[in-house]
Amino acid sequence: MEALKTGLKLDLVHVPYKGTGQSVPALLGGQVPLLYATLPSIESHVKAGRGFRQLGIDPVGSTPEAYNAANRASFEKYAKVVQAAGVKIE
């Protein structure tokens, strides 16, 4: 999350949870606007249509440059979602 905030200059407050056991109910209950998690930890919620919008990217290539390019593309996807939610971006 910190890399996302820094890379895109987002004005977000990082709420550290111990795991998805705490963060998923917080997202579903509206206490937090977004969740950064691995698919296996939230897959059942995504498939059940419980308010999750799945985003992500599978990094390609075996060089640091290719990996960084894939991460940047992923950050840009997240930025669009965050902007659509009305979060201020400086």
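The values are calculated or read from the model by the stated rules, or taken from the named source; none is laboratory data. Since this is a predicted model, take the numbers as computed values, not measurements. Neighbour counts run over all protein chains shown; Cβ positions are idealised from the backbone, glycine included.
Things to note:
- First in region 1-23 and in a helix (DSSP H, G or I), second anywhere and at pLDDT 85 or above and surrounded by 15 or more Cβ atoms within 10 Å (Cβ to Cβ), Cβ under 6 Å, 6 or more apart: Ser23/Tyr17
- Region 36-66, residues that are surrounded by fewer than 10 Cβ atoms within 10 Å (Cβ to Cβ), modelled with pLDDT of 75 or more and among the polar types (S, T, N, Q): Thr38
- Restricting attention to region 1-35, the residues that are surrounded by 14 or more Cβ atoms within 10 Å (Cβ to Cβ), farther than 23 Å from Arg50 by Cα and either at pLDDT 80 or above or of a type in the set (A, V, I, L, M) (or both) add up to 4.
- Any chance Glu90 is surrounded by fewer than 14 Cβ atoms within 10 Å (Cβ to Cβ) and modelled with pLDDT of 75 or more: no
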